[in-house]
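Quick notes on the structure that follows.
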Amino acid sequence: NAGVTQTPKFQVLKTGQSMTLQCAQDMNHNSMYWYRQDPGMGLRLIYYSASEGTTDKGEVPNGYNVSRLNKREFSLRLESAAPSQTSVYFCASRTGTLVNQPQHFGDGTRLSIL
Amino acid sequence: RKEVEQDPGPFNVPEGATVAFNCTYSNSASQSFFWYRQDCRKEPKLLMSVYSSGNEDGRFTAQLNRASQYISLLIRDSKLSDSATYLCVVNGPGTASKLTFGTGTRLQVTL
């Protein structure tokens, strides 16, 4: 009963380092999303993938890249980490085939950039 | 104007009280609406969908007013365990559209 699984759960990086956040869902959902959440800012969409083979920018894409590896997996990459990217990152998925369907979230990755 | 606006609170209420949260959205073409609950340092979890005719789930009642572009959540008989942040979420038209999240209203239920 995994749902949406994110790895790692915690990570500390130095400025300039790169890393990839992994996300996988086992609900056969078409659409997947990456958000960041900062205090007082709410959830902000970084990138999303409406279906396998497509990706689109969200509200705050700068400094990030994504890959929709297959229907199950959607990864988020920080090429050169900056302190401003310290945040909690959530991955979510949704069926994408019906209109009135909610998103299901992973339990987040807490990322600190020193 | 933000796409989805909520009163940030916090709302501090005693156990057993009734509390209401409001939310407004700017896109009149929005098609579906949700309330999520988020506990401190946890992921958002779906509380309930909001239907045009209004809907109830136990102590929780959600209402939608499309003409005023307004959504509400009523919690009756508040419990300590209801303490959380409540997120108003709006979906644009189309199956591939994105959900837009409000910044949330924080509720603290006290003894």
Compute the FRET efficiency between B:Ser52 and A:Phe10 as 1/(1 + (r/R0)^6), taking r as their Cβ-Cβ distance and R0 = 45 Å, and round to the nearest 0.05. 0.60
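For chain B, what is the relative contact order in percent, using Cα pairs closer than 8 Å and at least 6 residues apart in sequence? Please list the in-between numbers first.
Numbers: 278 pairs, mean separation 41.4, N = 111.
This gives 37 percent for chain B.
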Per-residue HN-Hα couplings for segment A:105-114 [Karplus 6.51, -1.76, 1.60; θ = phi - 60°; Hz; x = Gly/Pro]: 9, x, 8, x, 10, 9, 10, 10, 10, 9
Given the options A:Thr55, A:Thr86, A:Thr15, state which has the largest fluctuation in a GNM of chain A using a 10 Å cut-off (strictly under) for Cα springs. A:Thr15
Can you list the cysteines of chain B that have no other Cys Cβ under 4.7 Å away? B:Cys40
For segment A:1-65, build the charge dipole from Cβ charges (+1 Lys, Arg; -1 Asp, Glu) around the Cα centre, then report which of A:Thr55, A:Leu21, A:Met32 sits farthest towards its positive end. A:Leu21
If you wrap a convex hull around the Cα atoms of chain A, how much volume per residue is inside, in Å³? 96 Å³
Simple Cβ-charge dipole of segment A:1-64, Lys/Arg +1 and Asp/Glu -1, about Cα centre, in debye nearest 20: 260 debye
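Identify the chymotrypsin sites (Phe, Trp or Tyr not before Pro) of segment B:1-82 meeting these criteria: DSSP loop state and at most 13 other C-beta atoms within 10 Å of the C-beta.
Details: sites: B:Phe11, B:Phe21, B:Tyr25, B:Phe33, B:Phe34, B:Trp35, B:Tyr36, B:Tyr51, B:Phe60, B:Tyr70; in loops: B:Tyr51.
Here the sparse-neighbourhood loop sites are B:Tyr51.
Calculate the mean, over all residues of peptide B:40-48, of how many other protein chain Cβ atoms lie within 10 angstrom of the residue's Cβ.
Values: counts 0, 5, 4, 14, 10, 3, 4, 1, 1.
Average neighbour count from other chains, rounded to a whole number: 5.
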Which residue fluctuates most in the GNM of chain A (Cα springs below 10 Å): A:Lys14, A:Lys71, A:Lys57? A:Lys14
Flagged links, alpha-carbon separation over 29 Å, of B:Lys2/B:Lys42; A:Lys57/B:Lys2; A:Lys71/B:Lys2; A:Lys14/B:Lys42: A:Lys71/B:Lys2
Taking the dipole about the Cα centre of the protein assembly as shown, with the C-beta of Lys and Arg at +1 and of Asp and Glu at -1, give me whichever of B:Val4, B:Asn55, A:Val12 is farthest to the positive side. A:Val12
Given unit charges at Cβ for Lys, Arg (+) and Asp, Glu (-), the dipole magnitude of the protein assembly as shown about its Cα centre in debye, nearest 20, is 340 debye
Given an 8 Å cut-off on Cα distances and at least 6 residues of separation, report the relative contact order of segment A:1-76 as a percent. 27 percent
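Quote the Stokes-Einstein diffusion coefficient, in whole µm² s⁻¹, for the protein assembly as shown, based on the Kirkwood radius over alpha carbon pairs, a temperature of 10 °C and a viscosity of 1.306 mPa s.
Working: Rh = 18.1 Å.
Using the Kirkwood radius from Cα pairs, D works out to 88 µm²/s.
Can you pull the Kirkwood radius for chain B, inverse mean 1/r over Cα pairs, to one decimal in Å?
Values: mean 1/r = 0.0710 Å⁻¹.
Radius from the Kirkwood sum: 14.1 Å.
Values in this text are rule-based calculations from the coordinates and carry no lab data. Computed from a predicted model, the values in this text were never measured in an experiment. Backbone-built Cβ (ideal geometry, glycine too); neighbour counts: all protein chains shown.
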